[in-house]
Amino acid sequence: MENKNHGHKNVFFLLFGFVFGGITALLLAPKSGKETRDIIANKLENKDEIINKTKESAEEIIHKTKDQIENLITNVSKSIDEKIHHKNEDQPEN
């Protein structure tokens with residue numbers, strides 16, 4: 001009999017905790033539910049804009065990096081060719 005009574009107390013305190021927590025949340029909430037929903041909706045609308053800006057920035061960085069790598073390859077290739085050419089000029093012919 002004691003175990004059944006104990007279970008009812010636990011359920012009562014659980015429900016009391018839910019009600020008390022809900023009331024406390026409503027009283028302490030900084031904004032109304034509509035305001036909060038509007039804020040969330042605006043953030044969700046802005047996410048597409050933020051994603052697009054991030055994508056554009058990433059594409060720009062990739063393009064600039066690609067150009068820099070191509071320039072580096074060209075410069076290194078020219079430098080190697082010049083060194084080979086100078087080395088060939090310095091060597092006496094047999």
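Only the coordinates and a few stated rules stand behind these numbers; no lab work does. None of the values given here were measured: they were computed from a predicted structure. Using ideal geometry, Cβ is built from the backbone for each residue, glycine included, and neighbour counts are taken over all protein chains shown.
Can you tell me which aspartates and glutamates have their Cα less than 17 Å from the Cα of Lys78? Leave out same-chain residues fewer than eight positions away.
Reachable aspartates and glutamates: Asp67, Glu70, Glu89.
Give the lysines reachable from Lys43 as a straight Cα distance under 30 Å; neighbours fewer than 8 places away on the same chain don't count.
Lys31, Lys34, Lys53, Lys55
How large is ³J(HN,Hα), in whole Hz, for each residue of the stretch 79-91 in order, when computed from phi with the Karplus curve 6.51 cos²θ - 1.76 cosθ + 1.60 and θ = phi - 60°, using x for Gly and Pro?
Couplings: 4, 5, 4, 4, 5, 5, 4, 5, 5, 5, 5, 6, 7 Hz.
Might you report the magnitude of the Cβ-based charge dipole of the stretch 47-94 about its Cα centre, with Lys and Arg at +1 and Asp and Glu at -1, to the nearest 20 debye?
240
Treating cross-link reach as a plain straight distance, find the aspartates and glutamates whose alpha-carbon is under 19 Å from the alpha-carbon of Lys64, omitting any fewer than eight places away in the same chain.
Hits, sequence-local ones excluded: Glu56.
So, counting K/R as plus one and D/E as minus one, what does the shell of residues with Cβ under 14 Å around Lys31 add up to?
Net of charged neighbours comes to +1.
Using only DSSP helix segments of four residues or longer, with each worth -39500 (n - 2.57), what per-residue ellipticity at 222 nm results for the chain after dividing by its residue count and rounding to 500?
Taking each H run of at least 4 residues, the total per residue is -33500 deg cm²/dmol.
Just to check I understand the Karplus step: with θ = phi - 60° and J = 6.51 cos²θ - 1.76 cosθ + 1.60, what whole-Hz values come out for the stretch 31-44, glycine and proline as x?
Coupling constants for the stretch 31-44: 9, 6, x, 5, 4, 5, 4, 5, 4, 4, 4, 5, 5, 5 Hz.
In sequence order, what are the phi-derived ³J(HN,Hα) couplings for the stretch 58-71 according to the Karplus relation 6.51 cos²θ - 1.76 cosθ + 1.60 with θ = phi - 60°, rounded to whole Hz, with x for glycine and proline?
For the stretch 58-71, the Karplus-derived couplings read 5, 5, 5, 5, 4, 5, 5, 5, 4, 4, 5, 5, 4, 5 Hz, x marking Gly and Pro.
Would the chain count as rounded, prolate or oblate if I go by the C-alpha gyration tensor, calling it rounded below 1.5 in a/c and otherwise prolate when a/b exceeds b/c, oblate otherwise?
Cα axes put the chain in the prolate bin.
Can you tell me the dipole magnitude for the chain around its Cα centre, using point charges on the Cβ only (Lys, Arg +1; Asp, Glu -1), in Debye to the nearest 20?
Computed about the Cα centre, the dipole is about 1140 debye.
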